[in-house]
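Have a look at the structure below, then the notes.
The values are calculated or read from the model by the stated rules, or taken from the named source; none is laboratory data. Everything quoted here is computed from the prediction, not taken from an experiment. As a convention, Cβ positions derive from the backbone with ideal geometry for all residues, glycine included, and neighbour counts pool all protein chains shown.
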Amino acid sequence: MNKLNIGKTILQLRKEKNITQEQLAIMVGVSAGAVSKWETGNSTPDISLLAPLARALNTSLDILLSFQQELLETEVVNIKQKLTQGLRI
C-alpha cells in the first residue's frame, strides 16, 4: 500500500496556490505551527480537518490522501507473496 504522504502533498499544493502557512492555517482554523508540523511529517491533520483542507487547497480528498484507484505492480507482487505465505502455514 502507498505510504501516506499528506504532509508533502499539503506543502506542494500550498506552494502552488502561493499561500503561506499562516494563510492556510487561518483558512482551516488551526495554528501556523500545526501546518508546519503537517508539512514536515511531525504530525498529521485530524480527520475532521481533511475536508476543510481539501477545500482550502482546491483539491479532492483522493489527491490530498494520495489515493490511487489501481495498485502498483510492486504492490500486487507483495500481496501475492503474502497470500502464498499464508497458504503454506
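A few notes on this one:
- Subset of the stretch 36-59 [in contact with a Lys or Arg (Cβ under 9 Å, 6 or more places away or on another chain) and buried (at least 18 other Cβ atoms within 10 Å of the Cβ)]: E39, A56, L57
- All positions within the stretch 50-65 that are within 12 Å of the chain's Cα centre (by Cα) and closer than 16 Å to I26 by Cβ: L53
- Test: residue in the stretch 12-30 that is of a type in the set (S, T, Y), out of contact with any Phe, Trp or Tyr (no Cβ under 7 Å at 6 or more places or on another chain) and in a helix (DSSP H, G or I): no
- For the stretch 1-35, the candidate set comprises residues that are of a type in the set (D, E, K, R) and modelled with pLDDT of 95 or more; within that set, the residue that is surrounded by the most Cβ atoms within 10 Å (Cβ to Cβ) is R14.
- Within the stretch 35-47, residues that are on the phi > 0 side of the Ramachandran plot sit with their Cβ atoms under 8 Å from residues that are assigned to a helix (DSSP H, G or I), at 6+ positions apart or across chains, in these pairs: G41/G7; G41/K8.
- Subset of the stretch 51-68 (residues that are modelled with pLDDT under 95 and in a helix (DSSP H, G or I)): L61, D62, I63, L64
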